[in-house]
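Student: One structure coming up, written as structure tokens, with questions to follow.
What follows is calculated from the coordinates using simple rules that are stated; it is not laboratory data. Keep in mind the model is a prediction, meaning the values are calculated, not measured. Here the Cβ is made from the backbone with ideal geometry for all residues, glycine too, and neighbour counts use every protein chain on show.
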Amino acid sequence: MRSLFRNRDFRRLFAGRLITNVGDSLYFVAATWLVYDLTGNPAFSGLAGFLVMAPQALQAFAGPLVDRWDLRRLLVGTQLVQGAVILSLPVVAHLGWLSVWVVLTVMPLLSLLNQFVYPAQSAALPRIVEREELVGANSLFSLAYQGTELVANAAGGILVALVGAVTLFAIDSVTFAAAALLFATVYVPAAGAGDETASDADESTTGTATAVADGGADSAGGERPDDGHPDEPEGRPGKSGGSPDEPEGYLDSLRDGIGFVRGTVLAPIVIGAAMVNFVASGSTIGVLPAFADGLGGPEAYGALMAAIAGGMLVGALVASGLDELPFGWLSIGAFLVSGSLWIVAIAVDWLPATVVLLAIAVVPIGASNVLLSSIVQSVVPDRLLGRVSGLLGSASTAAVPAGALLGGVAASVVDPGIVMIAGGANVLLLAGYWLAHPQLRRMGPAGEVETLAA
């Protein structure tokens, strides 16, 4: 992984990822707790989770735009707008207009902007690193995501208790400005008209060979910004050259991405992810503030959020050592261990034990997610990566908003711990789904996958 940090553009993209994730984490902890604190009703927490996650269902529609727009400008613009939106909350509070409905209006707007950020980062990464470095790069990106959540979630709970959510929003706006400055200095090569590493898979799963304009080159002639480091790596060979052909229409681009996924092993993976996300991820978002309130308040909420992020972080760190194991059986074992420990963590009903067990429970899921991301980035053609990433994100998380809403409502009727335990049971069902599906069960090592064809 050390070689990755000799790549100037990777360093800056990685640093921007770290900072923007800090901003996202601090905001989410503060806003979710503020909604619960203003109402005292877990049903509103579920509604907040629904509004945050619902825009993810639109990520598929962002994919074609990500493939066509200038990635650097897209990353910079979204950070600046997010910072301005978050800063509006302290202003509204200062004017005496703050209410739960104001917070619930801002939350989905910020989430909508993020539907461009993460596909753009996913599309940029394989253009600036070598294919054999993708597992390590994705591990580091997941480390950035989960590591900052680990720290920021715990710190967010403490800061909410110390200075209040409104003050935390003002502090948080600075992180987005800093991320925008870093993204502004990243050079993302344009995707080539042909993709040597994935052309066979592309031709077998989609009927078009027309490259879309990806917007990856700088608008001022594609020149790399000069910062005194001309000799550092500029990305993957064969990925940065070539001029795109005449761009497709938006609907054609969207259909192209759908056509690639259809008939590949990605389709059953998405179905399984949607199944588990409805109960496990969705209900956790909706019920966690109420569950944490019974264990100690905002500090407990921050600790539980940090436990989940910490476990995912460890999973990301160990993922690079697992890429030679059969991915199908590895995922089955991961879901079995995760679901079992999840149930035990909630059943003990003692904060220190719950935090530790919950963190361990999500380690296998974190490793599996990193390996799957690397498989997709290795095999999917660059020109389709934004669309496919957006489509997968949209389809796999479409059930989360409904799960969050249902979880919040259920927690207002039954004990929040019961709803949390149901999430762990759903992860066990996912293990059974992978075991029963021959295509998923037989998937080979992540580092050796050459095609996603079913």
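Student: Would you please give the FRET efficiency between A267 and L325, computed as 1/(1 + (r/R0)^6) with r the Cβ-Cβ distance and R0 = 22 Å, to the nearest 0.05?
Tutor: After rounding to 0.05, the efficiency reads 0.45.
Student: Okay, moving on. Taking the number of other C-beta atoms within 10 Å as the exposure measure, put Y36, Y27 in order starting with the fewest.
Tutor: With the sparsest Cβ surroundings first, the list reads Y36, Y27.
Student: Taking amide H atoms as placed 1.01 Å from N in the peptide plane, list the residues 5 or more away in sequence, or in a different chain, whose amide H sits under 5 Å from that of T264.
Tutor: Correct list: A454.
Student: What's the extension gain from E448 to I418 if we count 0.36 nm per residue and subtract their Cα-Cα distance?
Tutor: Result: 6.7 nm gained on full extension.
Student: Give me F61, F335 sorted ascending by neighbouring Cβ count inside 10 Å, so fewest comes first.
Tutor: With the fewest neighbours first, F61, F335 line up as F61, F335.
Student: Based on the Cβ-Cβ distance from A274 to R6, what FRET efficiency comes out when R0 is 41 Å, to the nearest 0.05?
Tutor: Using R0 = 41 Å, I get an efficiency of 0.55.
Student: Which net charge results for the neighbourhood of F327, defined as the other residues with beta-carbon distances under 12 angstrom from its beta-carbon, given Lys and Arg at +1 and Asp and Glu at -1?
Tutor: Taking every Cβ under 12 Å from that of F327, the sum is -1.
Student: Based on Cα coordinates alone, diagonalise the gyration tensor for the stretch 282-321, multiply each eigenvalue by 5, take square roots, and list the semi-axes in whole Å, largest first.
Tutor: After diagonalising the Cα gyration tensor, the semi-axes are 25, 11, 5 Å.
Student: For the stretch 401-411, in order, what is each residue's ³J(HN,Hα) by Karplus, 6.51 cos²θ - 1.76 cosθ + 1.60 with θ = phi - 60°, in whole Hz (x at glycine and Pro)?
Tutor: With the stated coefficients, the stretch 401-411 comes to x, 5, x, 5, 5, 5, x, x, 5, 4, 5 Hz.
Student: Go from 0 up to the bin containing the longest alpha carbon distance in the stretch 19-154, width 5 Å each, and give me the % of pairs per bin.
Tutor: 2, 9, 16, 19, 21, 15, 9, 5, 3, 1, 0
Student: I would also like to ask the following. Would you list W350, W434 from fewest to most Cβ contacts within 10 Å?
Tutor: Ranking W350, W434 by Cβ neighbours within 10 Å, fewest first, gives W350, W434.
Student: Given the convex hull over the Cα atoms of the stretch 301-454, what projected area results after averaging over all orientations, in nm²?
Tutor: The directionally averaged projection comes out at 9.7 nm².
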